[in-house]
Amino acid sequence: MSNTMKIEAPGYQGRLIGIWRGRTDGPAAAAHKVANDARMQATGFALAVSRIANDGNLTTQGKAEPLRNNAMERLTPLRDLAKQAAAAQDGIAKQRAAMLKVAPPDAATAVYDVAIGQYLRGLDDRDAAKFRSSIATGEASPRMIDAVARMPAELVGMSAQQHREVLDTAAARRDPEGWEALSEAALAWEDAADIIHNATEFVAHGAPVQAGTVQPAVRTPDLPYRLPTEGSAWQDDLNHDLAAAA
């Protein structure tokens, strides 16, 4: 069941900062904490916008500097959260690769692998689909599954996506609990990375996350490190936020 993460601040209620699709405990607990930390940074910035916008002692020009300073202070922890998410996702990728790994073949096994590959490439669409289904049901020979895992997708008559699904299914059958935990962690860190991205966009560029929607997280490698700069784009966003929060 999906849950929403929203910014809670005057003038910003209902601003969606991300979607959380899985559990929040167990293998997902660390990612959920990081995502919530990112949401709190965005909320802190929204509160600052509201406070500064309503400060009668500051002129419009005078409001720009404290708002920009607050944004810059928020981007440092967001950058650290982005690094943490990237490191976690890299670790998950390595764990997945280890779970999918099968023993390298000896000379006789390699010949058998090639024969299995030739057989699978010769199947028509219906029989090929039946074979992939047999892996999910546990009916496929472990020897054939190992051969598929050792060879590239094109040598077993599969698309890259089909090959990945076969390997994932096989790994899940070998270690159901371990694969489930890894899958839950992978989903959680994917959501966390999107939320960090959206929070960074919100702080760095004003408020691009519109009420009731979430912008797709198009990952730009340097995004978490980019600070607000002087210029028309920043000033336009600033004026928009000041007007919205006033």
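Structure summary
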read-out	value
Stokes-Einstein D for the range 1-44, Kirkwood Rh over Cα pairs, 20 °C, 1.002 mPa s (µm²/s)	196
Packing-based ranking, highest mean first, of 73-79, 175-181 given that Cβ atoms within 10 Å are counted	73-79, 175-181
Net +/- balance of residues flanking Ala29 in space, Cβ distance below 14 Å, scoring K and R +1, D and E -1	-2
Ile52, Ile17 arranged by Cβ crowding within 10 Å, fewest neighbours leading	Ile52, Ile17
All Cα pairs of the range 1-134, percent lying beyond 17 Å	75
Potential lengthening between Ala103 and Ser159 on full extension [0.36 nm per residue; Cα-Cα distance subtracted]	17.9 nm
Magnitude of the charge dipole, the range 79-142, Cβ model with Lys/Arg +1 and Asp/Glu -1, debye to 20	320
Amide H within-cut-off set for Asn3, under 5 Å, with H built and near neighbours excluded	Trp20, Arg21
Signed unit charges on C-beta, dipole axis of the range 47-128, positive-most listed residue Ala115, Gln84, Gln95	Gln84
Net charge over other residues, Cβ less than 13 angstrom from the Cβ of His163 (K, R count +1; D, E count -1)	+1
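Read the figures in this text as sums done on the coordinates, not as results from a lab. What you see is a predicted model, and the numbers here were worked out from it, not measured in a lab. Note that we place each Cβ from the backbone using ideal geometry, even for glycine, and neighbour counts take in every protein chain shown.
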